[in-house]
Structures are given as structure tokens and as C-alpha cells.
Amino acid sequence: MAKSTVDANLIHDASDDLSLGDTNSSIEVPNNGNFIQKLVAFSGPGALVAVGYMDPGNWVTSVGGGARYHYVLLSIILLSSLIAMVLQYMAGKLGIVKQEDLAQATRDRTNKVGGVILWIITELALMATDIAEVIGGAIALHLLFGWSMIASVLTTAFDVLLLLLLMRFGFRKIEAIVITLILTILIIFTYLVVISNPNWVALFGGYLPTIGAFSSHVPAGTPGIDSKLTMTLGIIGATVMPHNLYLHSSISQTRKINRENKAEVKEAVRFMTWDSNIQLSLAFVINSLLLVLGAALFFGHADSVGTFGSMYRALGDSNIAGAVASPILSTLFAVALLASGQNSTITGTLTGEVVMAGFLHLTIPMWLRRMVTRGLALIPVVIFTLLYGGDEVKLDQLLIYSQVFLSIALPFAMAPLIYFTSSKKIMGEEFVNPKWMVYLAWIVFVILTALNIQLIITMF
């Protein structure tokens, strides 16, 4: 009896209960295609997930980490990317196997108080994510067109209208646009790094793990935000983002498969994993390029590149960027920043809808959900911009602290995800996490939690 009750709770027959109901199971996949054909059909969700691993929040932490600590923190980017691959595999698998996203699964398996607490933490994490997107997009508009910061911030409110328009053309079109913007960022930063002539020996040596990356020591005369531990957790928070776990568990359900056929479900999980890992590898390359750019061009000038605006100006200043300095490089940087902000807007807004519908089970119209989730993100940035008059340093500090908060919020999304996908009762014998993955995931969870506690003690 207990088993049948649990199984009944896992089934969502009504289309209103399906995650992103309008796009759930909307994309056909070939039944008899070859490996490449099927990979292409399943590719797309991984790109939307990867966007969260290269959003404007990564820029400040990665470029700043390279400028202040040279190539040392490349090991953290590598570690974060490996953690991300494991967690996104779990999230995508949960969505495909159970046809529920992480928000729905959490709501259905926690008591009311626990569910509300997790929802509040998740909403705060989404606000922190959107803060980075709004700040990045607004500063890009300010740098490219000379608009005031408050006008640029308010302009980002119309990003949500772009998503509403794109949704009318189908989810596949959104995936194509996101992939195009990702390639734009990749091409620009590959070019910037190549002409910066990095130290290749030191670069590859930076991927070797070092305990020094977790030091909370703050050099005399520098602000507390610049400790290696803070930058490390900022990179982890900007790379392994909690909202991506909710997003992937939802959009992995956009492919139409016969969930009664276990062979088809297994195949869907396999191609989801390929898609996710390929796109996350691309995100790893872009994040590495960001840090390498900071190390190659700005090392020794960390105080001069603490904001997006100062990075933009430094790329055109021969006293900082050396012989490669050029207004063209500055413009390319701003264009890539705008592409990153637009990409993150699409995925951030979709995630807001997933979280709100999943935790609260709201049935309000889709356009209203998207307007509300975007509006919540604008409030703190508008207030901050009005209080400090668009001060770049203050806005970028807000952005960095938002990334640190994401690192603090990450375990609250990790714990339910690891628990659900490691349970035979929930996932079944065939889809439960293997033992090595369970142990590894919980070890990472404990280490991140301990580091976060240390960070809070250090900061306060």
C-alpha cells in the first residue's frame, strides 16, 4: 500500500502539473536515427544549462581571480566544472525518469515548513542570479551606448518581453539562439586570450590543485572580499549555480519519449548526459579563458580591473593591457558581456517560472509569472543604483557578494537532489545513482558546507 501511494504521488497526469507544461515533451526525437542524429535531437537543454556557468557573475570572479592570483584559481574552475557535470547529470536524470523538476520533487517530499524554507532560499538564490544578469547587461548597455546606469538597468526589464516573443516560435528556436550567443562569447574570448600571449606553462600548471586556493588570509591593506577563499567560493558559486539544478530537471523533459519504455528512458538519459557534458566542457573553456585573460593582461593591476567598466577601459589602456590595448578589444568585451547577460536572462526567467510553479503550485498565467520573477530581481539593483548613483565599484561588489551567496545556497539545492536520485524507492533499481557517485556527491556537499561556514566566520 505504501509503495502504491508513493508511486501515485510521482505521477503527473494533468498537463498543468507538468514542468513548463507548454513545452514539456514538445520536441520529437528520431526512433531509428544513428548516434549523431540522436545527439543533435537531444542537444539544446545542455546549452541552456551551460549559460548559467558563464553568466556575468563569472566574469568578475574569474577575471578578478586571474588578475589578483594569476593562474592559481584555474584548479577551482576545473573542480567546479567536474562537480557541475555530476550534479547536472543527476538533475537531468530526475526530470527524465520521474517527469518532475527538482522544485516539484522537493515540494512533494518535504513537510510544509521545510518546503517553505527551501523555497525562500531558492528564491533568494534566483534573485542573486538575476542581480548578476541585470548588472552585467546594464553595464554592457552603459558602456556600448553611453546610457545612464539607471536607464540601462530599467531597460533590462524588457528582456522578459524578448523571452515571451521567443516562446511563440518554439523551444527549439530558443536553444538555437542561446547556442549562437555562447559561440559569440567563445570566439571573442578565444581571440582576446590568444593576442594576450599568456604564459602557457604557468597556465597548465594552474589546473593542478593547491590547498592555497582555500586560504582565508587577507593581505594587509586589501579588502576582505579579496581573500582567496572568498574568490574561490565566488567562482564555485558563479560556476555551480543552484538554479541550474532546477532548470535542467525541467528542460530535460522537453524531448518526447515513451516513458513506459525503459529502453527509451535509458537512451534519453544517456544522450542528456552527452549533451550536458559537451556544453559544460564548453563553459569550462570559456571560464578558463576569462581567468587566463585576467592573469595574462591584468596581473599586477588587480585594483585597476575591479569592475566591468574598469575592465572595459583597461583593454584600451596600453599602460595596463600593454601593446595589445585597443578600443576594438574594449568593444568586443562589451559585446560579449551583453551576449552573456541576454543568455542568462532567458535561462534565469525560465528557472523563475519552474521554481514558482514547482514550490507554490501556482496556476497564474505564464506571462505574469515571468514578469513577477523578473521584477523581483530588478528591485535590489534599482535600489542600489539609486542609492549609489550607478557607482561601478558598489554595483560590482553587490555582484560578487551575490555569487558568494549562491555558493552558500548551493548545498540547499544539492542535498535534496542527491537524496532523491540516490533513492531506489524514488528512482528505481535501474536509474538510482551508483554508489561511487553517491559517496562523492555527499563528500562534496560536506566540504562545500564546511567552506561556507568558514567563509561566513571570516567575513563577519
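Summary table
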read-out: Ranked by how many other beta carbons lie within 10 Å on average, peptides 22-31, 69-78, 132-141 from highest; value: 132-141, 69-78, 22-31
read-out: Relative packing of peptides 334-343, 52-61 - highest average C-beta neighbours within 10 Å first; value: 52-61, 334-343
read-out: Residues with amide H under 5 Å from that of Met241, placed H, sequence gap 5 or more; value: none
read-out: Accessible carbon and sulfur surface of segment 25-178 relative to its total accessible area, %, 1.4 Å; value: 68
read-out: Quarter of Cα convex hull surface for segment 23-167, i.e. mean projection, nm²; value: 12.9
read-out: Packing-based ranking, highest mean first, of 432-440, 185-193 given that Cβ atoms within 10 Å are counted; value: 185-193, 432-440
read-out: Separation in nanometres of the label points that stand 7 Å from Cα toward Cβ, at Thr180 and Asn261; value: 3.4
read-out: Spacing of the two label points (7 Å from each Cα toward its C-beta) at Thr110 and Leu360, in nm; value: 1.6
read-out: Fully extended contour minus Cα-Cα distance, from Leu387 to Val86, at 0.36 nm per residue; value: 104.3 nm
read-out: Gain upon complete extension [Trp147, Ser281; 0.36 nm per residue less C-alpha separation]; value: 44.7 nm
read-out: Length added when fully stretched, Leu376-Lys435, from 0.36 nm per residue minus Cα-Cα; value: 17.2 nm
read-out: Over 26 Å between alpha carbons, listed pairs Lys112/Lys435; Lys266/Lys425; Lys38/Lys93; Lys173/Lys262; Lys38/Lys173; value: Lys112/Lys435; Lys173/Lys262
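The values are calculated or read from the model by the stated rules, or taken from the named source; none is laboratory data. Given the structure is predicted, the values throughout are model-derived calculations rather than measurements. Glycine gets a Cβ as well: all are built from the backbone with ideal geometry, and neighbour counts include every protein chain shown. With ligands, DNA and RNA removed, areas are computed over all heavy atoms of the protein, side chains included. Shrake-Rupley method; radii C 1.70, N 1.55, O 1.52, S 1.80 Å.
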